[in-house]
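Peer 1: Following this message is one structure expressed as structure tokens.
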Amino acid sequence: MTANDAMPDLDFPGHDKLVAAIDAAVGAGDEHAVTAALRSTLCGMIRDRDVQLPSCVHDPIDDHYARRELYRSPRLGYSVVAMTWGPGQGTPVHDHCGLWCVEGVWDGELEITQYELLERDGERFRFRAAGGMHAGPGSAGSLIPPHEYHTIRNASRDAVAVSLHIYKAPMEACSMFVPNEGEWFARVSKELKTDAAA
């Protein structure tokens, strides 16, 4: 299944409670108010035992981290994606194609590194790591363009991590940045596939 296929709406315990809470947060105002409200909402939902994500989100995929879209709002346009990170799985430096996003760790622990864009020369970009964090269950952060460049990685050797991502709109592509020389990276467009969720 790809992000362009039919919109999923999976049933899982607490589905309606989660959607109602996200709907309320998305109506909070400008993008800074929305992402702040969503960070708070997502932290609360992760700790709320009434909300249990579908069991499939705990199943890693061997050759890539899994992206499973759980909900897409027909009224407000946002998308909710669960990502499953097997041991050692992660992303290269990437952007969110101009979409704000709030990301929360549901299970396990993730390493998140933010990057600052220092310079651009055509399709070459110079980045410098601008801080990182180890995020555990119940923590949430946000990305608002142009501060959207980052990596995510499950540094564990044996534990699976699960994160929940709320995007302003379905994220069907992004730019990934491949190390080139020193702090320079080459930009590569990437179509983002969605794995089956059940």
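Peer 1: Given springs between every Cα pair under 10 Å in a Gaussian network model of the chain, which of Trp100, Trp85, Trp184 has the largest fluctuation?
Peer 2: Trp184
Peer 1: Working from Cα positions, state the angle (0 to 90°, nearest 10) between the long axis of helix 15-26 and the longest principal axis of the chain.
Peer 2: 50
Peer 1: Within the set of other residues whose C-beta is less than 9 Å from the C-beta of Trp100, count the net charge using Lys and Arg as +1 and Asp and Glu as -1.
Peer 2: Net of charged neighbours comes to -1.
Peer 1: Residue separation times 0.36 nm, minus the C-alpha to C-alpha distance between Ala130 and Asp158: what's the value?
Peer 2: Here the answer is 7.3 nm.
Peer 1: In addition: Please state the shape class of the range 81-175: rounded when a/c is under 1.5, otherwise prolate if a/b exceeds b/c and oblate if not, all from the C-alpha gyration tensor. Present the calculation step by step, with values, prior to reporting the outcome.
Peer 2: Values: a/c = 1.97, a/b = 1.49, b/c = 1.32.
Prolate, because a/c is 1.5 or more and a/b exceeds b/c.
Peer 1: Calculated FRET efficiency, Asp30 and Glu116, Cβ-Cβ r, R0 30 Å, to nearest 0.05?
Peer 2: Computed FRET efficiency for Asp30 and Glu116 comes out at 0.85.
Peer 1: List the aspartates and glutamates whose Cα lies under 12 Å from the Cα of Lys17, skipping any in the same chain that are fewer than 8 positions away.
Peer 2: Straight-line reach from Lys17, under 12 Å: Asp48, Asp50.
Peer 1: While we're here: Taking Lys190 as the anchor, which aspartates and glutamates have their alpha carbon closer than 19 Å to its alpha carbon, excluding any fewer than eight residues away along the same chain?
Peer 2: Filter leaves Asp5, Asp63, Glu69, Asp95, Glu123, Glu148, Glu172.
Peer 1: Using only the alpha-carbon atoms, how far is helix 31-47 inclined from the longest principal axis of the chain? Give it as 0 to 90 degrees, nearest 10.
Peer 2: So the helix axis and the longest Cα principal axis differ by about 60 degrees.
Peer 1: Name the shape class, rounded, prolate or oblate, that the alpha-carbon gyration tensor gives for the chain, where a ≥ b ≥ c are the square roots of its eigenvalues, rounded holds for a/c under 1.5, and otherwise prolate holds if a/b is larger than b/c and oblate otherwise.
Peer 2: It comes out prolate by the Cα gyration axes.
Peer 1: Using 0.36 nm per residue, how much length does the chain from Glu191 to Ile61 gain when fully extended, once their Cα-Cα distance is taken away?
Peer 2: 45.0 nm
We did not get these values from a lab; they are worked out from the coordinates using the rules stated. Because the structure is predicted, anything quoted here is derived from the model rather than measured. Here Cβ is always computed from backbone atoms with ideal geometry, including for glycine, and neighbour counts include all displayed protein chains.
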